[in-house]
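Nothing in this text is a laboratory measurement; each read-out follows from the coordinates by a stated rule. Treat the numbers as computed from the prediction; the structure is a model and nothing was measured. Quick reminder, even Gly has a Cβ in these numbers, built from the backbone with ideal geometry, and neighbours come from all protein chains shown.
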Amino acid sequence: MIYNTQVAIIGAGPAGLSAAIEIAKDGGQVMVFDENDRPGGQLFKQIHKFFGSEHHGAGIRGFRFGEKMLEDCRNLGVDIRLNTVVYGMFPDNELGIVENGKSHTVKAERIIVATGATEKPLAFPGWDLPGVMGAGAAQTMMNINRVQPGNRIVMIGSGNVGLVVSYQLLQAGMDVVALVEGLPKVNGYDVHANKLKRQGVPFYMSHTIVEAKGNGKVEEVVIAEVGPRFAVKEGTEKVIKADTVCLAVGLMPSLELLRMSGAAFTHIPAMGGYVPMHSKNMQTTNSGIYVAGDVAGIEEASTAMEEGKLAGIAVCKELGILDEADALKREAEVNERISELRIGSHGEKRREAKDEIIRRYDSWKEK
Amino acid sequence: MEGKVIIGPKAVIECTEDIPCNPCMTCCAKHAISLDGDSINSLPVLDDEKCNGCGICVASCPGMAIFVVDVNEGTVALPYEFIPIPEEGQEIDATDRQGKFVCKGIVQKIMYTDKFDHTNVVTIKIPKEYVNDVRGMKIIKEGV
């Protein structure tokens, strides 16, 4: 069967849903595809309160944004297809999908890719033992499936993912017996780290995991101090009794589909590695294909939702659903909110990295 | 603060990093919290003349970095997001910023409204000399 739609959105996470709402509220026809059995992407795992200001919804727990967006989608009649895998992007804005075990084609006038991110792995002896998992996996287990991943957890990485998930592990009744960070300083927000410290979680800075040991499952974790270039300092090894190792060593954009589309990429380490070059309106080098959220560079759910709106507005403008003046006005509002989220010692780096992506897109376009 | 007499409970803001965030400012009915600059990124500052120690900001701060301290009464109000929620009158272990035991304390008051969305504001009473050290509490497990 062939589905025809004005806009196809891949991924029903914060960026995809927010784009869908933006388009549907202007009367555009949208189909959203997601391989999971429930929408929301990572939002429903985010049980902590978000930062920002009132117009970003600061102080609201992440999953509540998900609830609100799903309600908006329902009211607007957005067509969300769950358990639906998009397996291919083909020329002329065609998608190959598998829905309920059947293969279909989607023809769209515009496509927004909002496929999110993948956790980066870390290899060490014993990394294949049961009990070693991504921090995001542990978060899914406890916050979505209500299962404790273990009892005694070693968290590797002190970025916001590592810090926030550690706190949630404590809230779910587990012990975080070590938080291990290769750098000499906490990578995420101090306030998140302080919440853990107040609970007595030991922080091991300038440390790395050497090995996970155990008979058929994680039983002991060996960590050690690192010197320059993260080389392990001999003789500093410590053995920690633990049954779970959570890896929170960064995320990378999920680019598999975009690679099929022929869009051009560029390498920006601060954004997770390879990212699609895109304009300030989220258009890739393949006209007709837009990106939003973590796939366009690793940031946060709040920025992903705003980027979704930018992509939605741009698509509406191009399809003539939204007139130029309205589009410009709304873009300006979104951009103002985004710029507020990309300030400060953490946000500034992301802003510079985003600007660099856009600069590279602009210079590609000139050529 | 030195040389100044502080009367009653006052917010103590332990927000140390420039992250774009301002619910502490917008939630305060007394307008006692402002940002130390034009940007949303600036650190919050307290006008302790205006602050009446109500504790709304304790629940509103997404970073859980605000406490209400009464130096004369020996009370500290903390954001608390664990279960079980302690009961008023219950004895607890008061802990410091590193989670280390400081002293015993008694839960004096638990403030909660739906708006707090699962963040309870727990006021504990402790010996006065520890009000600047105590920033957490642990429920004493029976039989331990």
- [ ] Run the quick spin-label model on A:Glu220 and A:Lys233: label points 7 Å from Cα toward the beta carbon, then report their separation in nm to one decimal.
- [x] 2.2 nm
Task: Overall dimensions of the protein assembly as shown as given by Cα atoms, namely Rg and Dmax in Å - done: 24.3, 79
Open item on the list: Could you check the spin-label model distance between B:Asn72 and A:Glu211? Points 7 Å from the Cα along Cα→Cβ, value in nm.
Closed with: 6.2 nm
TODO: Only loop residues by DSSP count here, and only those with at most 12 other Cβ atoms within 10 Å; note down the GluC sites (Glu not before Pro) in region B:52-113 that meet that.
DONE: B:Glu87, B:Glu88
Task: Within region A:213-314, GluC sites (Glu not before Pro) in DSSP loop having at most 14 other beta-carbon neighbours inside 10 Å - done: A:Glu234, A:Glu237
Open item on the list: Please enumerate, by chain and number, the aspartates and glutamates with C-alpha under 17 Å from the C-alpha of B:Lys138, excluding those fewer than 8 residues away in the same chain.
Closed with: A:Asp175, B:Glu81, B:Glu87, B:Glu88, B:Glu91, B:Asp93, B:Asp96
- [ ] Compute the FRET efficiency between B:Gln98 and A:Arg146 as 1/(1 + (r/R0)^6), taking r as their Cβ-Cβ distance and R0 = 35 Å, and round to the nearest 0.05.
- [x] 0.70
- [ ] Compute the distance in nm between two label points, each set 7 Å from the Cα along the Cα-to-Cβ direction, one at B:Ile110 and one at A:Lys349.
- [x] 4.0 nm
Open item on the list: How would A:Asp79, B:Asp114, A:Asp243, A:Asp355 line up from fewest to most surrounding beta-carbon atoms within 10 angstrom?
Closed with: B:Asp114, A:Asp355, A:Asp79, A:Asp243
Open item on the list: Could you give each residue of region A:287-292 its phi-based ³J(HN,Hα) in whole Hz, using Karplus coefficients 6.51, -1.76, 1.60 with θ = phi - 60°, and x for Gly or Pro?
Closed with: 4, x, 10, 10, 10, 7
Open item on the list: I need the trypsin sites (Lys or Arg not before Pro) found in region A:127-233, filtered to DSSP loop residues with at most 14 other beta carbons within 10 Å of theirs.
Closed with: A:Arg146, A:Lys185, A:Lys217, A:Lys233
Open item on the list: I'd like to know how region A:68-139 sits against the 2.2 N^0.38 Å rule of thumb: what's its Cα Rg over that expected value?
Closed with: 1.59
Task: Per-residue Cβ neighbour rank within 10 angstrom, fewest leading, B:Val69, A:Val147, A:Val7, B:Val5 - done: B:Val5, A:Val147, B:Val69, A:Val7
Open item on the list: Quick check on the exposure proxy: order A:Ser345, A:Ser53 from fewest to most C-beta atoms within 10 angstrom.
Closed with: A:Ser345, A:Ser53
Task: DSSP bridge orientation in region A:68-207 - percent antiparallel, rounded to nearest 5 - done: 60 percent
